[in-house]
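Engineer: My questions all concern the structure below.
The values are calculated or read from the model by the stated rules, or taken from the named source; none is laboratory data. This structure is a prediction, so every number in the text was calculated from the model and none was measured. FYI the Cβ positions are ideal-geometry reconstructions off the backbone, even for glycines, and counts take in every protein chain you see. All accessible areas refer to the heavy atoms of the entire protein, side chains included, with ligands and DNA or RNA removed. Shrake-Rupley method; radii C 1.70, N 1.55, O 1.52, S 1.80 Å.
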Amino acid sequence: MTLTLTAILLGIVEGLTEFLPVSSTGHLILASALFGYDADTWKVFNIVIQLGAILAVVVQFWRTFWAVGSGLLVLNPTSVKFVRNVLLAFLPSAMLGLLLKDYIDMLLGAPIVVGYALIVGGIAILAVEKVAKPGPLTGVAELPVSKCLGVGIAQCLAMVPGVSRSGATIMGALAMGVERRTAAEFSFFLAVPTMVGATTLELLDNRHALAAGTGPVGWSEIGIGFFVSFVVALVVIKAFMAFVSKSGFGPFAWYRIVAGALAVFLLSR
């Protein structure tokens with residue numbers, strides 16, 4: 001398979017799974033293992049193309065970002081609280097990610113971990129769906145500081161590949177009584193600083209290889225994957241919001257359990 005076709009396929013996987021509670025990183029790692037891609041070769045690619053999916057959030061919610069940005073210029077209280085809440089939730093993973101980066105990189109090369117994490121995460125989603133009692137519809141700016149920090153701590157679980165960043169944050173919010181749609185939107189907004197930070201760190205660590213063009217996967221493949229993940233994620237975000245409002249997260253939990261069990265079976269052979 002050519003590098004271009006591989007970049008397109010991985011871009012589709014990223015766009016489909018980044019905002020679903022099924023773990024985009026986990027799926028990219030499993031794709032590398034099950035289809036014979038070299039995980040180390042595509043590691044930087046897998047992280048950087050997540051920015052394409054993040055750009056889809058900015059485009060999808062551009063009115064919210066515009067309102068918050070213009071509100072900050074005049075110190076609008078709602079805009080200030082919105083940014084405060086997102087940054088508070090971002091802080092735990094930012095600090096822990098810097099401290100545990102080497103350990104996290106090691107886990108990224110262990111696809112069997114993804115399989116087990118998918119199963120455990122699916123069971124956790126079913127449990128939260130059963131016991132959670134979401135409150136009334138609210139907004140990101142109205143969330144109390146304690147719940148924002150709680151979501152941020154839940155996001156740290158996603159440093160284990162296969163857990164799912166969106167799954168951890170959404171389920172964490174639901175467990176604390178946040179309304180379903182608000183929990184999903186908060187997860188989307190929190191993804192922006194989180195993934196921008198992770199991508200920046202990865203680019204800095206690999207800047208020499210990328211600048212010299214010595215790696216087998218270069219900027220052209222990254223650009224293709226970025227574009228494909230952006231387009232696919234743009235479609236997925238709207239569909240996901242409509243789906244969970246009606247059907248909840250149970251179907252994603254069962255998908256995780258089946259996919260995880262299949263992955264463990266295939267990887268253990």
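Engineer: Restricting attention to the range 245-263, report how many residues are assigned to a helix (DSSP H, G or I) and buried (at least 17 other Cβ atoms within 10 Å of the Cβ).
Structural biologist: The qualifying residues number 7.
For (1) within 30 Å of Phe265 (Cα to Cα); (2) of a type in the set (Asp, Glu); (3) surrounded by 18 or more Cβ atoms within 10 Å (Cβ to Cβ), each residue gets a yes or a no:
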{"position": "Asn85", "(1), (2), (3)": "no, no, yes"}
{"position": "Val113", "(1), (2), (3)": "yes, no, yes"}
{"position": "Ile123", "(1), (2), (3)": "yes, no, no"}
{"position": "Ser146", "(1), (2), (3)": "no, no, no"}
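Engineer: Residue check, Pro136 against (1) open to solvent by less than 50 Å² (accessible area, probe 1.4 Å); (2) at pLDDT below 80, all met but one. Which one?
Structural biologist: (1)
Engineer: Given the criteria free of Cβ contacts under 8 Å to residues at least 40 places away in the same chain, over 24 Å from Ala184 (Cα atoms), open to solvent by 40 Å² or more (accessible area, probe 1.4 Å) and assigned to a helix (DSSP H, G or I), does Met106 qualify?
Structural biologist: Numbers: free of Cβ contacts under 8 Å to residues at least 40 places away in the same chain: yes; over 24 Å from Ala184 (Cα atoms): yes; open to solvent by 40 Å² or more (accessible area, probe 1.4 Å): yes; assigned to a helix (DSSP H, G or I): yes.
In short, yes.
Engineer: Okay, next question. Hey, can you tell me all the residues within the range 43-81 that are surrounded by fewer than 17 Cβ atoms within 10 Å (Cβ to Cβ), part of a helix (DSSP H, G or I) and of a type outside the set (A, V, I, L, M)? Spell out how you get there, then give the answer.
Structural biologist: Taking the range 43-81 as the starting set, the residues that turn out to be surrounded by fewer than 17 Cβ atoms within 10 Å (Cβ to Cβ) are 58-59, 62-63, 65-67, 69-70, 72-78, 80.
Keeping just the survivors that are part of a helix (DSSP H, G or I) gives 58-59, 62-63, 65-67, 69-70, 72-73, 77-78, 80.
Listed by number, the residues that qualify are Trp62, Arg63, Phe65, Trp66, Gly69, Ser70, Pro77, Thr78.
Engineer: If we keep just the residues of the range 186-238 that are polar (S, T, N, Q) and within 23 Å of Met159 (Cα to Cα), which is modelled with the lowest pLDDT?
Structural biologist: Residues of the range 186-238 that are polar (S, T, N, Q), as a first pass: 187, 194, 199-200, 206, 214, 220, 229.
Adding the requirement that they be within 23 Å of Met159 (Cα to Cα) leaves 187, 194, 199-200, 206, 229.
Values: Ser187: 92, Thr194: 89, Thr199: 80, Thr200: 82, Asn206: 69, Ser229: 94.
Only one residue tops the list, namely Asn206.
Engineer: Just to be sure before I move on: is Ser93 among the small types (Gly, Ala, Ser) and over 18 Å from the mean Cα position of the chain (by Cα) in the structure I sent?
Structural biologist: Details: among the small types (Gly, Ala, Ser): yes; over 18 Å from the mean Cα position of the chain (by Cα): no.
Answer is no for this residue.
Engineer: Could you say whether any residue in the range 15-37 is surrounded by fewer than 17 Cβ atoms within 10 Å (Cβ to Cβ), in a loop (DSSP other than H, G, I, E, B) and not aromatic (Phe, Trp, Tyr)?
Structural biologist: Here is the first cut: in the range 15-37, the residues surrounded by fewer than 17 Cβ atoms within 10 Å (Cβ to Cβ) are 34-36.
Now narrow it down to the ones that are in a loop (DSSP other than H, G, I, E, B): 35-36.
Then drop every residue that is not not aromatic (Phe, Trp, Tyr), which leaves 36.
The answer is yes, given that some residue of the range 15-37 is surrounded by fewer than 17 Cβ atoms within 10 Å (Cβ to Cβ), in a loop (DSSP other than H, G, I, E, B) and not aromatic (Phe, Trp, Tyr).
Engineer: I'd like to verify a number: residues in the range 160-198 that are buried (at least 24 other Cβ atoms within 10 Å of the Cβ), of a type outside the set (S, T, N, Q) and not in a helix (DSSP H, G or I), how many?
Structural biologist: Residues flagged as buried (at least 24 other Cβ atoms within 10 Å of the Cβ), of a type outside the set (S, T, N, Q) and not in a helix (DSSP H, G or I) within the range 160-198 amount to 4.
Engineer: Now, a different point. Is it fair to say Val44 is touching a residue at least 40 places away in the same chain (Cβ under 8 Å) and over 27 Å from Ser268 (Cα atoms)?
Structural biologist: The answer is no for Val44.
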